[in-house]
Amino acid sequence: MRAVVLLSGGLDSATVLAMAREQGRECHALSLRYGQRHAAELQAAARVASALGAARHEIVDLDLSRFGGSALTDASIAVPEGPGEPGAIPVTYVPARNTIMLSIALGWAEVLDAREIHFGANAIDYSGYPDCRPEYVAAFERMANLATRAGVEGRRLRIVAPIIDMTKAAIIREGLRLGLDYSITVSCYQADDEGRACGHCDACRIRRDGFAAAGVADPTRYRRPSGPNV
């Protein structure tokens, strides 16, 4: 069975690709150059796609920085360092990003006659983005089957979000079981050109805490040799 896998180059999406490969899927990996702060995550996505044997890896250009509205697409908005306000959606939320990415994946899936889109949404150890919740994933799947020729003709498509209710530690353990090398992934919101993490943003904090909770060494490369707590 063919599947389109959204691949950002980060820890979660890499794990989802590894899980899909274990299930015997022919994986077509999709990444977006959407105007994010750095290209390091796309370089990581290419490494992950190659390491995990994706049948094909496409990087689509769609510049959301023309709209801004997020610390990830607007250089005038600082990436926050440290935990945000409980219950608040942080400024690193990119408006409608997952909907846009899933829509592009949906178009490619229909061309490929792929019956699944695999998506690394997580609603446990995450930043509180509204488009990472189970109800959002279910709603998009309903829309996808209403909006496509494949769906109308009975070739239903599934949005597969296998890590949505897993802790970061559980995700890491699953990836390690599958032989995934997390050192080739990049999660940091403001990684440098070499892919080294800042160690202070929300993505770094969640990732670092996940490795600690899993009881395994954190392979992340930080900008400072002595680590993120300097």
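Some notes on this structure:
- Selected residue (only one of Thr15, Thr99, Thr73, Thr92 is surrounded by fewer than 20 Cβ atoms within 10 Å (Cβ to Cβ) and of a type outside the set (Asp, Glu)): Thr99
- Any hit, the range 71-90, residues being outside any loop (DSSP other than H, G, I, E, B), out of contact with any Cys (no Cβ under 8 Å at 6 or more places or on another chain), within 27 Å of Arg208 (Cβ to Cβ) and at pLDDT 95 or above: no
- Checking Arg196 against (1) touching a strand residue (DSSP E or B) at 6+ places or on another chain (Cβ under 7 Å); (2) buried (at least 19 other Cβ atoms within 10 Å of the Cβ), the condition it does not meet: (2)
- Members of the range 129-164 that are out of contact with any Lys or Arg (no Cβ under 8 Å at 6 or more places or on another chain), under 23 Å from Pro95 (Cβ atoms), without any contact (Cβ under 8 Å) to a residue 40 or more places away in the chain and not aliphatic (A, V, I, L, M): Cys132, Arg133, Pro134, Glu135, Tyr136, Arg142
- Only residues that are under 11 Å from Leu7 (Cβ atoms) and either among the acidic types (Asp, Glu) or out of contact with any His (no Cβ under 9 Å at 6 or more places or on another chain) (or both) were counted across the range 53-70, and they come to 2.
- If you filter the range 97-123 down to residues that are part of a loop (DSSP other than H, G, I, E, B) and over 14 Å from the mean Cα position of the chain (by Cα), you find that the one that is farthest from Ala197 (Cα to Cα) is Asp113.
- In the range 91-135, residue modelled with the lowest pLDDT [restricted to those that are farther than 23 Å from Gln36 by Cα and in contact with a helix residue (DSSP H, G or I) (Cβ under 9 Å, 6 or more places away or on another chain)]: Ile124
The values are calculated or read from the model by the stated rules, or taken from the named source; none is laboratory data. In this text the structure is predicted, and so the values were computed from the model without any measurement. Glycine also receives a Cβ, built like all others from the backbone with ideal geometry; neighbour counts cover every protein chain displayed.
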